[in-house]
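> Got a structure for you, written out below as structure tokens; questions coming shortly.
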Amino acid sequence: MAARRTSTKGFKRTDSLLSRQIRSASERRGFAQTRLLTQWAEIAGEETAAIALPVEVSYSRGGMGATLTLLTTGPNAPMLEMQKEQLRAKVNAVYGYNAISRVRITQTAPQGFAEGQVAFAPAKAAAPAPVDPALQRKAAEAAQPVADEGLRAALERLGANVLMKTQS
């Protein structure tokens, strides 16, 4: 039987290269499950993930349950306080058992005390600038010989963007 040949040609998946470093960094903060950090939006829900971040899991000396610390801004803390039990249940579902016995809310902004406005969610991309119709026609003419419709449309957008950049 011939040996199986891989199609990766010596390349490795990114997660296999970084998983050890990510695991050791997250375990230093008490996160035995890195999924809690990497998939926080799916675990807690989009609305909660937009206003709170998990920052630490600390274990008591007796080993009877851990405390999950969430970071949020002051105005959002009362809302999270009311959701503590639901969050605890969702996080324990990730662990598969009652690993978290308490949820603690911290009201400090990650940037420090100077600014109370913290954006936990990534900023939305700006809307594209309107394209000049003359430039759009020029880009369409340049991409006209391409037979594939999807590729032609992508080339038209690319051409229009390049022409807009060179014009300004």
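> Would you please list the contacts, defined by Cβ atoms under 7 Å and residues six or more apart or on different chains, that run from a residue in segment 126-140 that is assigned by TED's automatic domain parsing to the domain that holds E156 to a residue that is of a type in the set (D, E, K, R) and surrounded by 12 or more Cβ atoms within 10 Å (Cβ to Cβ)?
From segment 126-140, the pairs are A139/E156; A140/E156.
> Considering segment 63-105 alone, what residues qualify as being loosely packed, with under 14 Cβ neighbours inside 10 Å and within 22 Å of the chain's Cα centre (by Cα)?
Of everything in segment 63-105, those that are loosely packed, with under 14 Cβ neighbours inside 10 Å and within 22 Å of the chain's Cα centre (by Cα) turn out to be Q86, A89, A93.
> Quickly run through segment 46-59 and pick out the residues that are more than 11 Å from the chain's Cα centre (by Cα), in contact (Cβ under 8 Å) with a residue 40 or more places away in the chain and outside any strand (DSSP E or B).
Within segment 46-59, just I51 meets the criteria.
> Could you tell me how many of the residues in segment 133-154 are charged (D, E, K, R), under 36 Å from the mean Cα position of the chain (by Cα) and surrounded by 13 or more Cβ atoms within 10 Å (Cβ to Cβ)?
First, the residues of segment 133-154 that are charged (D, E, K, R): 137-138, 141, 148-149, 152.
With the extra rule that they be under 36 Å from the mean Cα position of the chain (by Cα), the set shrinks to 148-149, 152.
Checking which are surrounded by 13 or more Cβ atoms within 10 Å (Cβ to Cβ) leaves us with 152.
Within segment 133-154, residues that are charged (D, E, K, R), under 36 Å from the mean Cα position of the chain (by Cα) and surrounded by 13 or more Cβ atoms within 10 Å (Cβ to Cβ) number 1.
> Kindly indicate whether any position in segment 109-124 is modelled with pLDDT of 85 or more, more than 20 Å from G74 (Cα to Cα) and out of contact with any Cys (no Cβ under 8 Å at 6 or more places or on another chain).
Residues of segment 109-124 that are modelled with pLDDT of 85 or more, as a first pass: none.
Scanning segment 109-124 turns up no residue that is modelled with pLDDT of 85 or more, more than 20 Å from G74 (Cα to Cα) and out of contact with any Cys (no Cβ under 8 Å at 6 or more places or on another chain).
> For segment 62-81, does any single residue satisfy the condition of being out of contact with any helix residue (DSSP H, G or I) (no Cβ under 8 Å at 6 or more places or on another chain), at pLDDT 90 or above, in the same structural domain as T38 (by TED's automatic domain parsing) and part of a helix (DSSP H, G or I)? Break it down into steps so the answer makes sense when it comes.
So in segment 62-81, the residues out of contact with any helix residue (DSSP H, G or I) (no Cβ under 8 Å at 6 or more places or on another chain) come out as 62-67, 69, 71, 74-75, 77-78, 81.
Restricting the remaining residues to those that are at pLDDT 90 or above gives 78, 81.
Restricting the remaining residues to those that are in the same structural domain as T38 (by TED's automatic domain parsing) gives 78, 81.
Among the residues that remain, those that are also part of a helix (DSSP H, G or I) are: 78, 81.
Yes: segment 62-81 contains one or more residues that are out of contact with any helix residue (DSSP H, G or I) (no Cβ under 8 Å at 6 or more places or on another chain), at pLDDT 90 or above, in the same structural domain as T38 (by TED's automatic domain parsing) and part of a helix (DSSP H, G or I).
The values are calculated or read from the model by the stated rules, or taken from the named source; none is laboratory data. All values reported here derive from a predicted model rather than from experimental measurement. Glycine gets a Cβ as well: all are built from the backbone with ideal geometry, and neighbour counts include every protein chain shown.
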